[in-house]
Amino acid sequence: MESIWKGLKEVEEKKENLKKAMEDLQTHSSLLSLPLSWPQLDAHFTALHAALLRRFHLLQSQNAAALPQTHAHRLSALCTHANGTALRDYVGDHLKDKPALRDALQTALKRATAPPSLALDCLDGVFGANAVSDDKVLRKMKRSCCLVFRQLRAAGVAVGPGARARAKRVCAEWKGCLVGDGGLDGVGAMAFLLFVAAYGLFSELTPNEIATFSATAAAHEELPELYRSVGFADRVPALVQKLIDRCKHVMAVKYIFEFNLADKIPPVPILKSHVNESQKLAKRLSEEGKTLNEITAREIHALRSVLKVIETHNLESEYPPESIQQRIEQLTKNKANIRHGASASAKPPQHQQQQSGIKRPRISAPAGVLNSVSGASSTVNRDQQSHFQSSSLLLEHVNPYMSLPNMPYGMNTPTPTISPYTGPSIGAYGAPVGPSGNLGQGGSLPNSSEPLKPSGYYDSISAYGGYGLQYLYPTSYRQ
């Protein structure tokens, strides 16, 4: 294909040479008459050239359809045409093929006319007043920009004065948007740091701003690599402190071991603080009325993350994991009890007697029998009412998270006492149960004359998150 195209491009030059040769021939022989004039020959050659071009383009399109374009061809075309937004969108559509995309993008940026300006064009719609409103699309755009700025820096292209001045303006505007976001945009913070590194603009940020944006982007794998490449190893302690301030203790310990700072920053006190904070969070969520199931799940997740760090970095001698494992087992049992109680309360009541399909004649009872039944019924009603009053006293068992004391960092906070099932005679939270598991059969009931709690008291029991004890243990009637 290359040789054919090269020959077709030489047609015009060869036509000019042929025209000059024909003119020289006519000047040397005035008596010579040629059968064809030059305009006739030129029209013939032009028609042949056009036909050859059409067939060449047809062959070229057939080959392009048969062989799909690689990332290198497509990215090179986008960089050649300086289409920044199309380049960003193409990268976003093929992020799953990042290894192949990374090398092709770096090569394409080197061949672009103005790579720094092209990369800045990729930011159109990423932040500011014209930012895309769709969060999913916006996140993909930011991830694309991460790869573009990373490969722009890897390409080692020079940033001219004009592109640098434009990048400074973009830096100031983008930084303001990140500050206004409240530190929640991790992908945006990572893209911003890669952008600053690509254009050499870290001097435009204060050390506190660098630590703040780094803490926001700490979960991304590119950040440790970026810190090493720009020589920010001495700034890791500030990043660790910022993560601790945000209660991201496990992430802080990750960076301690990532940069071999365990001798300077002991990780065990930070892990203990994470355990303490997980209990404080459980208490706070309880006060906010979250479900006990959700509170328990979050605390279990926090404790398991600490266990994983202890096992990964062999910290068993400094922080024995037994107490954490016992706490996880206790919370897991409590969570299972909650699920069992919720499923039991959702079951419809069973009919004690199945009605037979055979109809029997109704027999009227004597008046004395009816009076006896009426008296017994009133006795049963009073007995049931007395039992409902006594069972309401179970609401005096408050949520275990509500009694947690506030402890400073690094101190062991006493865990809430949640008694699991220990046998058929002891129920959850220490309530006595009978052989069938029903409350009130295994021990003495409170005096039925005790007054009922006011309605405001029931409204205040929101710390259980919708699981009242009366739903966990259905009331049984005295026989």
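Throughout, read-outs are computed from the coordinates displayed, never taken from laboratory work. For clarity, every value in this text was computed on a predicted model and none was experimentally measured. All Cβ positions, glycine included, derive from the backbone under ideal geometry; neighbour counts span all protein chains shown.
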ask   = Which FRET efficiency value, to the nearest 0.05, do you get for residue 288 and residue 121 by plugging their Cβ-Cβ distance into 1/(1 + (r/R0)^6) with R0 = 41 Å?
value = 0.35
key: Measure of compaction for segment 204-317 (Cα Rg per 2.2 N^0.38 Å)   = 1.17
key: Compactness relative to 2.2 N^0.38 Å, alpha carbon Rg of segment 274-333   = 1.18
remark   = Diffing segment 143-159: the Karplus 3J(HN,Hα) column from phi (6.51, -1.76, 1.60, θ = phi - 60°), in whole Hz with x for Gly and Pro, holds 5, 5, 5, 4, 5, 5, 5, 5, 6, 5, 5, 5, 5, x, 6, 7, 9
request  = Average the reciprocal distances over every distinct pair of alpha-carbons in segment 104-185, invert the result, and give the Kirkwood radius in Å.
outcome  = 13.7 Å
task = Quick one: what are the phi-derived ³J(HN,Hα) couplings along segment 116-123, Karplus 6.51/-1.76/1.60 with θ = phi - 60°, whole Hz, x for glycine and proline?
result = x, 5, 4, 5, 5, 5, 5, 7
request  = Just give me a number: lysine pairs in segment 72-261, eight or more positions apart or cross-chain, with C-alpha atoms less than 19 Å apart.
outcome  = 11
message = 7 Å from Cα along Cα→Cβ at both residue 55 and residue 263: what's the point-to-point distance in nm?
response = 7.8 nm
remark   = Using the Kirkwood formula on alpha carbons, the hydrodynamic radius of segment 72-261 in angstrom works out to 16.9 Å
message = So for each of 138-150, 326-338, 240-252, 38-50 I average, over its residues, the number of other beta carbons within 10 Å; can you give me the resulting order with the highest mean first?
response = 138-150, 240-252, 326-338, 38-50
remark   = The Kirkwood hydrodynamic radius of segment 149-215, taken as the inverse of the mean 1/r over all distinct Cα pairs, in Å, comes to 12.3 Å
message = Going by average Cβ density within 10 Å per residue, which order do the peptides 309-315, 194-200 take, highest to lowest?
response = 194-200, 309-315
